[in-house]
Amino acid sequence: MNLVVLGAQWGDEGKGKIIDFMSDNADVVVRYQGGNNAGHTVVLADKKFVLHLIPSGILRAGKKCIIGNGTVIDPVYLLEEMKYVEGLGIKLNGNLFVSEAAHVIMPYHKILDRLNEAKSGKKGKIGTTSRGIGPCYVDKAGRLGIRMVDLLNKEILAEKLKANLELKNYLVKNYYKEKTFSFEKILSEYLACGEKLRHFIKNTYVMLEQAAKNGKKVLFEGAQGTMLDVDFGTYPYVTSSNSTAGGACTGAGFSPSRVNKVIGVTKAYTTRVGEGPFPTELPVELNDELRGRGNEFGATTGRPRRCGWLDMVVLKHANAVNGFHSFAVTKLDVLSGLKEIQICVAYKYKGKKMTEFPADLKALRESTPVYKAFKGWTEDICGVKKYSELPDNTKRYLEALTGLSGVNISMFSVGPDRNQTIITDKNLWK
Ligand code: IMP
């Protein structure tokens, strides 16, 4: 049984928490796209752990964790995160494996990310995490990229780095009017990283094929979310990888015929960080209120998240693209105490109702949400242990979510802790 868990919105849906919860039943946990732009938060007994690159499954003893070929890896950062995880008393040797085919985020990718954004100005910038993600994927698609396996071979790394720096230094010097990069410095630093990572760098898709053949349970941990997917998100205000379900197959080397279920993680409302359209974004006052209640600040950059009501056009679009088996609904407790809660059921554009998410950002910007209102609840639901214990109005809200989206709910969460996620579908792993 192999499951993909991914974000149904603009990221930050609480995937880390859901993966941590579900990895109790998994044998292998795999990251398949993105890099350390992600921020996956897990809370255990009031202690907060944030992982950006290593799969959240690592926090459960003995789980095999793979960083797949579709990810982009900053090796300097990876070594730091490994140190952090080892500091928690978790053994990485024999539990963490990094794909030899994953692309390496080089120092120039990080600088170019910042320079591109600065050059684009306030109006044109994407609002990236500045981790070098986009420029690294550009080189991957441009067939210039350096892969993890290259860090293990001095001649090859030197040759590729030289070719890259010729172009990058020209660009940095002549277009951005900035300092150029030193070949020797990068070569020695990245070879040293390769040496430290040598025992972790493997052919991971073969390991996954073996795991599947041996009947192991594999859990795929999506990063970012459907609306940040480079094909199906609010392009160009997206990340540079496929954060949708297909990305799990290409980003891990895992056959689609072996994926049994795709679980979409959605907050009980919506948030987004960075620039780009967000149809249900709330006016300042309510936006601030929801941000305060939900502590909506980016786990990677600390930026305040933009907040809005749940958007059914988005969730239906996400379901169409990903084929969800069910939803994991997070942060339901954040809505407690609100008098009225809204769900956007369509957009109105040029006087007409639109229920499909448009690729045309102009249409999106000019459309207004059509809302359906639901009565709120005043009860504190943080301690709820079963669906039946939820207040009637909370149940009505969840029923509406299912009714409007056509997707069942397999779990919901009422707080950050591992024991505040409640499973409603006991057959999830069957
Ligand atoms: P990049 O992935 O750093 O290139 O950023 C591109 C866009 O994706 C920006 O709007 C970021 O804020 C957003 N983004 C990237 N990673 C995450 C994430 O893990 N959660 C939420 N937004 C993200």
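Looking for something farther than 13 Å from residue 269 by Cα, open to solvent by 40 Å² or more (accessible area, probe 1.4 Å) and either assigned to a strand (DSSP E or B) or among the polar types (S, T, N, Q) (or both) - is there at least one such residue anywhere in region 383-391? Outline the logic, then answer.
Going residue by residue through region 383-391, those that are farther than 13 Å from residue 269 by Cα are 383-391.
Okay, now just the ones that are also open to solvent by 40 Å² or more (accessible area, probe 1.4 Å), so 383, 385-389.
Those left that are additionally either assigned to a strand (DSSP E or B) or among the polar types (S, T, N, Q) (or both): 388.
Yes, there is a match, as at least one residue in region 383-391 is farther than 13 Å from residue 269 by Cα, open to solvent by 40 Å² or more (accessible area, probe 1.4 Å) and either assigned to a strand (DSSP E or B) or among the polar types (S, T, N, Q) (or both).
Restricting attention to region 9-27, report how many residues are outside any helix (DSSP H, G or I), within 13 Å of the ligand (Cβ to nearest atom) and in contact with a helix residue (DSSP H, G or I) (Cβ under 9 Å, 6 or more places away or on another chain).
Going through region 9-27, the residues outside any helix (DSSP H, G or I) turn out to be 9-14, 23-27.
Adding the requirement that they be within 13 Å of the ligand (Cβ to nearest atom) leaves 9-14.
Within this subset, residues satisfying the condition of being in contact with a helix residue (DSSP H, G or I) (Cβ under 9 Å, 6 or more places away or on another chain) are 9-11.
Qualifying residue count, region 9-27: 3.
Please pick out the residue among 120, 130 that is open to solvent by less than 40 Å² (accessible area, probe 1.4 Å) and out of contact with any strand residue (DSSP E or B) (no Cβ under 6 Å at 6 or more places or on another chain).
Values: 120 fails: open to solvent by less than 40 Å² (accessible area, probe 1.4 Å).
The unique qualifying residue is 130.
Can you name the residue in region 1-44 that is of a type in the set (Gly, Ala, Ser) and open to solvent by 10 Å² or more (accessible area, probe 1.4 Å) and is also modelled with the highest pLDDT among such residues? Write out each step before concluding.
Of all residues in region 1-44, those of a type in the set (Gly, Ala, Ser) come to 7-8, 11, 14, 16, 23, 26, 34-35, 38-39.
When the remaining residues are screened for being open to solvent by 10 Å² or more (accessible area, probe 1.4 Å), the result is 14, 39.
On the way: 14: 94, 39: 90.
Among residues in region 1-44 that are of a type in the set (Gly, Ala, Ser) and open to solvent by 10 Å² or more (accessible area, probe 1.4 Å), the one modelled with the highest pLDDT is 14.
Select from region 217-273 the residues that are at positive phi and touching a Phe, Trp or Tyr at 6+ places or on another chain (Cβ under 7 Å) and list them in ascending order.
Here is the first cut: in region 217-273, the residues at positive phi are 224, 253.
Selection gives 253 alone.
Out of the strands (runs of 3 or more DSSP E) lying entirely within region 45-154, which hold 1 or more residues that are at pLDDT 95 or above and more than 16 Å from the ligand (Cβ to nearest atom)? Break it down stepwise before answering.
Values: elements: 47-51, 64-67, 96-99.
By residue number, 64-67, 96-99.
Suppose we keep only residues that are among the acidic types (Asp, Glu) and at pLDDT below 95 within region 263-287. Which one would you say is nearest to residue 130 (Cα to Cα)? Give the steps one after another, and end with the answer.
Filtering region 263-287 down to residues among the acidic types (Asp, Glu) leaves 275, 281, 285.
Filter once more, so that each one left must be at pLDDT below 95: 275, 285.
Numbers: 275: 13, 285: 29 Å.
Residue satisfying both the conditions and the ranking: 275.
Taking residue 316 and the conditions (1) buried (at least 18 other Cβ atoms within 10 Å of the Cβ); (2) more than 16 Å from the ligand (Cβ to nearest atom); (3) over 30 Å from residue 26 (Cα atoms); (4) of a type outside the set (Gly, Ala, Ser), which numbered condition does it fall short on, given that it satisfies the others?
(3)
Of the residues 66, 58, 73, which is free of Cβ contacts under 8 Å to residues at least 60 places away in the same chain and open to solvent by less than 10 Å² (accessible area, probe 1.4 Å)? It would help to see each step written out before you state the result.
Working: 66 fails: free of Cβ contacts under 8 Å to residues at least 60 places away in the same chain; 73 fails: free of Cβ contacts under 8 Å to residues at least 60 places away in the same chain.
Criteria check complete, one pass: 58.
Need the failing condition index for residue 236 against (1) within 15 Å of the ligand (Cβ to nearest atom); (2) closer than 30 Å to residue 338 by Cβ; (3) surrounded by fewer than 21 Cβ atoms within 10 Å (Cβ to Cβ); (4) in contact (Cβ under 8 Å) with a residue 60 or more places away in the chain, just the number.
Of (1) within 15 Å of the ligand (Cβ to nearest atom); (2) closer than 30 Å to residue 338 by Cβ; (3) surrounded by fewer than 21 Cβ atoms within 10 Å (Cβ to Cβ); (4) in contact (Cβ under 8 Å) with a residue 60 or more places away in the chain, only one is false for residue 236: (2).
Going by the conditions given, is residue 306 free of Cβ contacts under 8 Å to residues at least 40 places away in the same chain, charged (D, E, K, R) and open to solvent by less than 80 Å² (accessible area, probe 1.4 Å)?
Values: free of Cβ contacts under 8 Å to residues at least 40 places away in the same chain: yes; charged (D, E, K, R): yes; open to solvent by less than 80 Å² (accessible area, probe 1.4 Å): yes.
Considered against the rule, which asks whether it is free of Cβ contacts under 8 Å to residues at least 40 places away in the same chain, charged (D, E, K, R) and open to solvent by less than 80 Å² (accessible area, probe 1.4 Å), residue 306 comes out as yes.
Taking the options 335, 286, name whichever one is open to solvent by less than 30 Å² (accessible area, probe 1.4 Å), more than 14 Å from the ligand (Cβ to nearest atom) and among the aliphatic types (A, V, I, L, M).
Working: 286 fails: open to solvent by less than 30 Å² (accessible area, probe 1.4 Å).
It is 335.
Out of the residues in region 155-169 that are of a type in the set (A, V, I, L, M, F, W, C) and open to solvent by 60 Å² or more (accessible area, probe 1.4 Å), which is nearest to the ligand (Cβ to nearest atom)? Spell out the reasoning first.
Residues of region 155-169 that are of a type in the set (A, V, I, L, M, F, W, C), as a first pass: 156-158, 161, 163, 165, 167.
Then drop every residue that is not open to solvent by 60 Å² or more (accessible area, probe 1.4 Å), which leaves 156, 167.
On the way: 156: 27, 167: 20 Å.
The extreme case among them is 167.
Quick one: which residue in 226, 271 is under 23 Å from residue 102 (Cβ atoms), polar (S, T, N, Q), open to solvent by less than 40 Å² (accessible area, probe 1.4 Å) and within 14 Å of the ligand (Cβ to nearest atom)? Give the steps one after another, and end with the answer.
Values: 271 fails: under 23 Å from residue 102 (Cβ atoms).
Just a single option satisfies the conditions, and that option is 226.
The values are calculated or read from the model by the stated rules, or taken from the named source; none is laboratory data. Note that the structure is a prediction, hence the values are computed from the model and not measured. Backbone-built Cβ (ideal geometry, glycine too); neighbour counts: all protein chains shown. All accessible areas refer to the heavy atoms of the entire protein, side chains included, with ligands and DNA or RNA removed. Shrake-Rupley method; radii C 1.70, N 1.55, O 1.52, S 1.80 Å.
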